[in-house]
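First the structure, in the form of structure tokens, and then the observations on it.
The values are calculated or read from the model by the stated rules, or taken from the named source; none is laboratory data. Please read these numbers as outputs of a predicted model, since none were measured by experiment. Here the Cβ is made from the backbone with ideal geometry for all residues, glycine too, and neighbour counts use every protein chain on show.
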Amino acid sequence: MTAVTLQIPPSLKFTDDEFLQIIAANKDLRLELSAQGELIVMAPTGGETGDRNLELGGQIWYWNRQNNLGKAFDSSTGFKLPKGATLSPDVSWVSIERWNALTPEQRKKFLPLCSDFVIELLSETDDLADTQAKMREYIDNGLLLGWLINPQDKQVEIYRLNQSTEVLQSPTSLSGEDILPGFILDLQPIFGS
């Protein structure tokens, strides 16, 4: 099962506030909005994916708590990308400089920027091609570093701004490079033995 995309007539563009009203009226759904105005209904994940998402977010949160270099976000956080899409990465992080540049009002709504770093975890309900397209959309909007983690194939695709995608097979860890200095993601809890 993949995400369902509802085609919205071009004349029905949603403002951020209207999109928030749609989300509020459909609390059981996880919704995203493409740059073309398509409403994307994301399928819920199973227990294994939920556990893996929490593990990934926990590792980022712990590193960020120790270093105070930015703000870490979970999958319920919406980002209004510069080219128009509103997406919610599984895990994301924004540098403290970019966070501090936001007004208090901007911080309360969909964040009007692209994260510096994202993780997308491919779940049983995700389509690989759709998730790769989502990663490219982040890069097209200024993402510095992103990881697409595929636990079924024990594979990671690394996306970097202005670089080709790197594919790693069965890595045991990933480096946050200069975007998340000193961060090392332990993939053992994600890939298992």
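A few notes on this one:
- Meets criteria (modelled with pLDDT under 70 and part of a strand (DSSP E or B)) for residue 12: no
- Listed by first and then second residue, the pairs with beta-carbon distance under 8 Å, at least 6 apart or on different chains, first residue in the range 155-175 and among the aromatic types (Phe, Trp, Tyr), second not in a strand (DSSP E or B), are 159/135; 159/136; 159/138; 159/139; 159/143; 159/165.
- For beta carbons closer than 7 Å, sequence separation of 6+ or different chains, a first residue in the range 182-193 that is in contact (Cβ under 8 Å) with a residue 40 or more places away in the chain and a second that is in a strand (DSSP E or B), the qualifying pairs are 185/173; 185/174; 186/173; 190/149.
- Residues within the range 119-136 that are in contact with a Lys or Arg (Cβ under 9 Å, 6 or more places away or on another chain) and closer than 21 Å to residue 180 by Cβ, tallied: 2
- From 167, 156, residue being crowded, with 16+ Cβ neighbours inside 10 Å and either β-branched (Val, Ile, Thr) or under 16 Å from residue 190 (Cβ atoms) (or both): 156
- Taking the range 108-128 as the range and being touching a residue at least 24 places away in the same chain (Cβ under 8 Å) and either closer than 13 Å to residue 152 by Cβ or aromatic (Phe, Trp, Tyr) (or both) as the test, the residues that pass are 110, 117, 121, 122, 123, 124, 125, 126, 127.
- Scanning the range 135-147 for residues that are hydrophobic (A, V, I, L, M, F, W, C) and either assigned to a helix (DSSP H, G or I) or surrounded by fewer than 16 Cβ atoms within 10 Å (Cβ to Cβ) (or both) yields a count of 2.
- Selection of the range 131-145 for residues being touching a residue at least 40 places away in the same chain (Cβ under 8 Å) and either in contact with a Gly (Cβ under 7 Å, 6 or more places away or on another chain) or under 17 Å from residue 167 (Cα atoms) (or both) yields 134, 138.
- Extreme residue, farthest from residue 55 (Cα to Cα), among residues of the range 65-97 that are touching a Ser or Thr at 6+ places or on another chain (Cβ under 9 Å) and basic (Lys, Arg): 80
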